[in-house]
1. Output needed: percent of Cα pairs per 10 Å distance bin for the range 152-306, bins running from 0 to the one holding the longest distance.
2. What is the spin-label model distance, in nm, from residue 113 to residue 78 if the labels are put 7 Å beyond Cα along the C-beta direction?
3. Relative contact order for the range 12-142: what is it in percent, counting Cα pairs under 8 Å that are at least 6 residues apart?
4. Out of 286, 265, 247, any idea which swings most in a Gaussian network model of the chain, alpha carbons joined below 10 Å?
5. Could you give me D for the chain, from Stokes-Einstein at 20 °C and 1.002 mPa s, where the hydrodynamic radius is the Kirkwood radius over C-alpha pairs? Units µm² s⁻¹, please.
6. Ranked by Cβ crowding within 10 angstrom, fewest neighbours first, how are 72, 198 ordered?
7. Hey, how many Å between the Cα centroid of the range 255-276 and the Cα centroid of the range 60-80?
8. Build a GNM of the chain with springs between Cα atoms under 10 Å: which of 291, 14, 46 gets the top mean-square fluctuation?
Ligand SMILES: Nc1nc2c(ncn2[C@@H]2O[C@H](COP(=O)(O)OP(=O)(O)OP(=O)(O)O)[C@@H](O)[C@H]2O)c(=O)[nH]1
C-alpha cells in the first residue's frame, strides 16, 4: 500500500477463451480501451492471474483443459492471492441453471455467445464503472483528505497484517509515532490554514524519506503520524528517522513559538519488535512511551527501544 493508488488509470482485462475467431473479435472490441491479456487454457489463465493483477476476467466455461466455473470458484475462494477481480462469464451454455450457477459461484455477470459487440462493450463498461466506484470508496475510507496519505483506519489494518507477516517470516517490525512539536502554538501564531500546510509538508517529507515498498506512512491523529518499517532493526529505524527529521528541519518552516528551534520540528518514539516473541498490545504502547520520552528530553529528537517479551 506504499504507492498512492491512481484513481484514473488503465484497466486490465484477462480474456480466457480458446476459440481463435472469438479471441480476434473480442480483442478488436476491447483492446483500444483496456489493457488486454489472453489465456487459451485454464492452466495459462491461472499462471497469468498469479503473476499479474487484473481488474476483470472475461471467462469462457468450456476450455480444453478445464472448466470456467471451477476457475471462478478457485479465484473467489483465494481472493488474497488473486485480488478483487470481477468476473464476467462469456459462454454458449445458455440455460438458466448454468447462468444461475455462474452468478452464485461469484461471477458478476453472464453473457451468452455469440457475443454482440454493443452488449459486450456496455457490460464491460458497467463492471469497470463499478470497480472505479469501489476504488474511490476505498480511497475515501483509507486516505486522509488533508495530507493524502493513509489514515488511522488504514494504519490499524496494515499494522495487524505486518505484525502477522513479520511473525511468519521471522523479521523485525519497527513502528515510529511522530508528533509535531509545539503545534498548538504554531496554529495559534500562524493560523489554522498554515497549520494544515505544515501537516501536508510533514506528510510529504515522510513520503520522501521512507521509500521502500514495504514502508507504510499514515496520519495517526491530529498532528501525529505513524511509520511502519518492515524487516528493519531499531538502529536502522532510528538512523532513518533522524535523517527524516534533518530534512524536515532543512525546510525551515518558521516557528517563533517553539522553544527548541526557530523552525518547526517533530519528536518521534520508535519500538522495534520481533513479533515471534513480542506481545502485540505492548508494541504501540512502547512506541508511544518512547515518544513521550523524546518530548520530555527536549523535543526535536528520536527515542527508541526494542520490545521486550
Ligand atoms: N491546523 C491543524 N491543526 C491540527 C489538526 N489536527 C490537530 N491539530 C492541532 O494540533 C495541536 C496539538 O496540540 P498539542 O497536543 O497541545 O501538542 P503541541 O502543541 O504540539 O505540544 P507538544 O506535542 O507537547 O510539543 C492542537 O492545537 C490541534 O488543534 C489539523 O488537521 N490541522
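Bear in mind that the values in this text are calculations on the coordinates, not laboratory data. In this text the structure is predicted, and so the values were computed from the model without any measurement. Neighbour counts are summed over all protein chains in view; Cβ atoms, including those assigned to glycine, are modelled from backbone coordinates with ideal geometry.
1. In whole percents, the pair-distance histogram is 12, 43, 32, 11, 2.
2. Once both label points are built, they end up 2.4 nm from each other.
3. In percent, rounded to a whole number, it is 22.
4. 247
5. For the chosen part, D equals 96 µm²/s.
6. Fewest to most other Cβ atoms nearby, the residues stand as 198, 72.
7. One Cα centre to the other: 51 Å.
8. Maximum fluctuation in the GNM of the chain, among the listed residues, is at 46.
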